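Comments concern the structure below.
Here, each number is a calculation from the coordinates, and none is a lab measurement. What you see is a predicted model, and the numbers here were worked out from it, not measured in a lab. Reconstructed Cβ throughout: ideal geometry from the backbone, glycine too, with neighbour counts over all protein chains shown.
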Amino acid sequence: MVFNLKKNKTSEEIQLDPDKMPNHVAIIMDGNGRWAKKRHLPRIAGHKTGMDTVKTVTMAANDLGIKVLTLYAFSTENWKRPETEVNYLMSLPGTFFDKFVPELIEKNVKVNVMGYIDQLPNETKIAVRKAIEDTKNNTGMILNFALNYGGRAEIVTAMQEIAADATKGKIDVADITDKTIDQYLMTANLAPYNDPELLIRTSGEERISNFLLWQIAYSELVFTDTLWPDFSEDALKDAIFNYQKRDRRFGGIKE
Ligand code: V07
């Protein structure tokens, strides 16, 4: 096997092993603000271009046969940003719905949203519900947005629900296992692909920032300097290539 170690590989140079595709890929879409700043544009312009990248990467992931693509769209901490930026971000699910949902339906992609949806502005909630409703019969890739999501809050909510069910006698404390926890987390409806095999973070930061916590216990982490609006099909393939290389090495040692 020959590995091409050149930095910017073109699509033809990236040879992925179809038998080692990750089922679930999660992405922290970082660097929209920095992308805009470099161009002397408002941060909002970075988010706008970032949304077009969501579409490009969704189509690429779907073509690669990925089963679940989880994208961190808005964290529970993002409310601290300036009001105009928050308002713009909250308008994106609606824009996304108008611009991209018809093509997602055509490609058999199903939209799922995990997070504290009740706390979102009404129009955002409506757009999110429409995207889910209009794609609910699709059987292809799941495009899973983490929206008003936080990993610790998710675990706290799951613990509260488990404790409530234990108090009601619906579950026995002695029967609580990691499978039980899986069933109470917001990724329960992604089964059997609850956990991403690959987590990508763009724009050079090497942190988890309260994204999936429980679910990344065994994930391969790939960090890239590419800013999210510049991320592409080739950048996705490159990250998967990186993942497959690690997987192959591990396989080699095991044998
Ligand atoms: C958001 C675009 C991507 C870059 C990162 C932040 C900005 C798509 C959605 C979305 C969410 C739910 C849904 C349909 C679309 C979205 C927010 C921000 C808040 F059902 N992109 N995107 N939501 N960005």
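Just for helices (runs of 4 or more DSSP H) wholly inside segment 56-167: which have at least 1 residues that are within 14 Å of the ligand (Cβ to nearest atom)?
Counting at least 1 such residues, we get 83-106, 122-134.
Can you work out which of the residues in segment 167-204 that are loosely packed, with under 13 Cβ neighbours inside 10 Å and among the charged types (D, E, K, R) is farthest from Asn23 (Cα to Cα)?
Lys168
For the list (1) of a type in the set (Lys, Arg); (2) within 15 Å of Tyr72 (Cβ to Cβ); (3) not in a loop (DSSP other than H, G, I, E, B), I need the number of the one condition that Arg207 fails.
So Arg207 meets the others, but not (3).
For segment 27-45, how many residues are of a type in the set (Val, Ile, Thr) and either assigned to a helix (DSSP H, G or I) or touching an Asp or Glu at 6+ places or on another chain (Cβ under 9 Å) (or both)?
Total satisfying the criteria: 2.
State yes or no: is Gly150 in contact (Cβ under 8 Å) with a residue 40 or more places away in the chain, farther than 26 Å from Leu89 by Cα and under 17 Å from the mean Cα position of the chain (by Cα)?
Criteria not met by Gly150.
Name the single residue, out of those in segment 210-238 being touching a strand residue (DSSP E or B) at 6+ places or on another chain (Cβ under 9 Å), assigned to a loop (DSSP other than H, G, I, E, B) and under 25 Å from Ile44 (Cα atoms), that is nearest to the ligand (Cβ to nearest atom).
The extreme case among them is Phe231.
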